[in-house]
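A quick write-up on the structure given underneath.
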Amino acid sequence: MALPSNNMKFYLKLMFGFTLVFFAINSNAQKFAYVDSEYILSQIPKYKSAQLQLNELSAQWQQEIEKKFSEIETLRKSFQVEKVLLTKDMQLSREKEIEDKEDEAKKFQQEKFGAEGELFQKKSELIRPIQDKLYDAINKVAKNNGLDFIFDKSGELLMLVSNSKYDRSDEVLEELGVVSTTTEKDTNLPPQ
């Protein structure tokens with residue numbers, strides 16, 4: 001049996017070195033945890049207050065919109081009853097009035113609930129600072145615990161099983177300076 005040449009020894013050592021590095025990298029497990037952002041937000045009084053304020057505002061605007069559309073429907077029914085008694089010009093005038101009121105109601109609805117409407121702006125004004133603080137707290141918890149990943153249990157990620165020892169939600173609350181009002185959080189519920 002022939003002994004390997006110096007080049008062959010070099011390549012074998014090199015391959016052995018790469019193999020060791022590869023296994024060393026793969027054996028260094030990444031650290032992960034998860035948080036339940038819905039739970040965390042439900043414990044923050046300022047968030048609860050903001051949600052209540054947004055719900056009240058939304059309900060108020062929805063009532064106004066429903067009232068406007070109800071008035072339009074009343075005008076429409078009245079017009080249908082009186083239509084035979086009206087001249088052509090009067091009919092056109094009433095139809096225009098109804099269309100204008102309907103356009104006005106739709107515009108109001110869009111101003112309040114549209115993509116860039118007042119509700120969206122108010123939500124951004126009230127909720128965004130709380131979400132930013134939450135994100136900063138999660139980053140601090142990750143850094144303090146040397147975590148590589150933190151998943152959000154209440155997000156799009158589907159967690160079929162979760163071990164509560166990896167739950168860092170209470171640490172995030174502590175980082176935010178919030179004392180949990182819930183005595184025990186059920187982390188073993190099946191996903192919805």
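Figure legend. Inter-residue proximity from region 129-148: first residues farther than 14 Å from residue 174 by Cβ, second residues modelled with pLDDT of 90 or more and of a type in the set (Val, Ile, Thr), beta-carbon distance below 6 Å, spacing 6+ or different chains. No pairs are indicated.
Where in region 61-178 are the helices (runs of 4 or more DSSP H), entirely inside, with at least 3 residues that are more than 30 Å from residue 31 (Cβ to Cβ) and touching a Gly at 6+ places or on another chain (Cβ under 9 Å)? Break it down stepwise before answering.
Numbers: elements: 88-113, 118-145, 169-176.
Of the helices (runs of 4 or more DSSP H) lying wholly inside region 61-178, those with at least 3 residues that are more than 30 Å from residue 31 (Cβ to Cβ) and touching a Gly at 6+ places or on another chain (Cβ under 9 Å) span 88-113.
Beta carbons closer than 9 Å, at least 6 apart along the sequence or on distinct chains, pair a first residue in region 161-185 that is closer than 9 Å to residue 40 by Cβ with a second that is modelled with pLDDT under 75 and among the polar types (S, T, N, Q) for 169/187.
The values are calculated or read from the model by the stated rules, or taken from the named source; none is laboratory data. Note that the structure is predicted; figures quoted are calculated from it, not measured. Quick reminder, even Gly has a Cβ in these numbers, built from the backbone with ideal geometry, and neighbours come from all protein chains shown.
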